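Only one structure is covered here, and it is reproduced in the block below.
Please treat every number below as a calculation from the coordinates, not as lab data. Values in this document were obtained by computation on a predicted structure and should not be read as measured data.
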Amino acid sequence: MFDLLSYVVRTLSLGVSLISGFVIERRHLASLDLREQALSHIHVVNVQRFSLHGRILQAQYVDGQAVIAADSFKVLVSKILQLIGGELIVFESILRRSRREAMVRMLEKADAIGARLVCNVRLETSTISDRRRNVDAEIHAYGTAICFEGAPPPLPSAPAQAGRVAAASGA
């Protein structure tokens, strides 16, 4: 009887984890979409040097960090996939969300100082692990925010050099 009760409790716990993880992830993605749209006026450039014609008022280091952890259901699915082999696709959404969150946090800091361009953007990834979960992803995004006098000058037209938030964050 105790074994059956234990099985039922574990199954219910896994079901709650699946549903709550899905709801939380969808809400976070909707929040990211809104925040990225609000910050779309800030250009993101991932090169160190390019020519701009305009008066620069201020250049300042800005960064953003995010740590996203997997829910219990994703951990279970990943362990099953490790046993049978294959790509661990359950972690792709964790990395994508943490990358987008770090970029948005960096751009919010740039927006707070009035910058309209962030150049030399870099992303660093690290995994925070312990024996139970081993799936927490930390992303650190950083770059140089530039404030211009008046409207910012036009950016270089090469597609590899210029982009919006979604292009730089890989989304």
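Descriptive notes on the structure:
- Mean separation of Cα contacts under 8 Å, 6 or more apart, over the residue count of the stretch 59-111: relative contact order %: 60
- Tail fraction, Cα-Cα pairs, the stretch 16-125, threshold 25 Å, whole percent: 37
- Stretchable slack from ARG122 to TYR61, in nm (0.36 nm times residue separation minus alpha-carbon distance): 20.8 nm
- 3J(HN,Hα) couplings calculated from phi for the stretch 68-75 with the Karplus curve 6.51 cos²θ - 1.76 cosθ + 1.60 (θ = phi - 60°) are, in sequence order, 10, 10, 7, 7, 4, 5, 5, 5 Hz; Gly and Pro show x.
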